[in-house]
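Note sheet for the following structure.
The values are calculated or read from the model by the stated rules, or taken from the named source; none is laboratory data. Just so we're clear, the structure is a prediction, and the values are computed from it rather than from any experiment. Please note: Cβ atoms are built from the backbone with ideal geometry, for glycine as well, and neighbour counts cover all protein chains shown. Surface accessibility is based on the protein's heavy atoms, side chains included, excluding ligands, DNA and RNA. Shrake-Rupley method; radii C 1.70, N 1.55, O 1.52, S 1.80 Å.
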Amino acid sequence: VATTRRTVRAGAYNASLFRVDGRGGDATRLCDDVAELSVPLRTASGLVLVQRGRDGDEPREDPAAPRAFRERTDTLWLDVVDPATGRLRTVWRGEGQIAFLAAPLGGDAVAVYWVHDGASTLLRLDAARGTARVLVANLPVARDFSYDARADRVVFARATLDPSVYEVAAVDARAGGAVQV
């Protein structure tokens, strides 16, 4: 069983991934630099993926500028982890605020919600090949992703113009394109 555990250093990637052998068994550290509060994702074919990264520089404050929310741009990557050996294979790299492992899509594919530079993108990542393609570009804030295997689509909640209201939306998990509400 793979679990994450917080380490003592500060930052957004201060967790480690451990394998625990049996009930009350030994814990083996598989990797560090894991996104805090993230959960490894297992594909339908059995690959284990983990969100990793490094903190970017803190945004500079301009005392003369109006007060604004500024986010840090981090270096992000998604790795396949061999639970037996801890061997890592990077299958995606980018920069932004998060590359969230949103949902397994069948086979080696996963949905990745990537927030970057004032925008967000929903990707389809083939974890075996390390190839990604855009399902939805410029997606509003989204959460609660799942995969509807029967309809072969990614289902999620997305923000509306009213910040207190989300709507349920879906997109084709292979072709992407228009979001259906």
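At the listed q of 0.25 Å⁻¹, the Debye profile of the range 128-171, built from one uniform point per Cα, gives log10 I(q)/I(0) equal to -0.96.
Solvent-accessible area per residue for the chain at a 1.4 Å probe radius, Å²? Result: 58 Å² per residue.
With +1 on each Lys and Arg Cβ and -1 on each Asp and Glu Cβ, and nothing else charged, work out how big the dipole of the chain is about its Cα centre, in Debye to the nearest 20. Magnitude of the dipole: close to 440 debye.
Given +1 on the Cβ of Lys and Arg, -1 on the Cβ of Asp and Glu, and no further charges, what dipole in debye does the range 79-156 carry about its Cα centre, rounded to the nearest 20? Intermediate results must be reported in sequence, preceding the final value.
Numbers: 9 positive and 9 negative charges, 25 e Å.
That gives a dipole near 120 debye.
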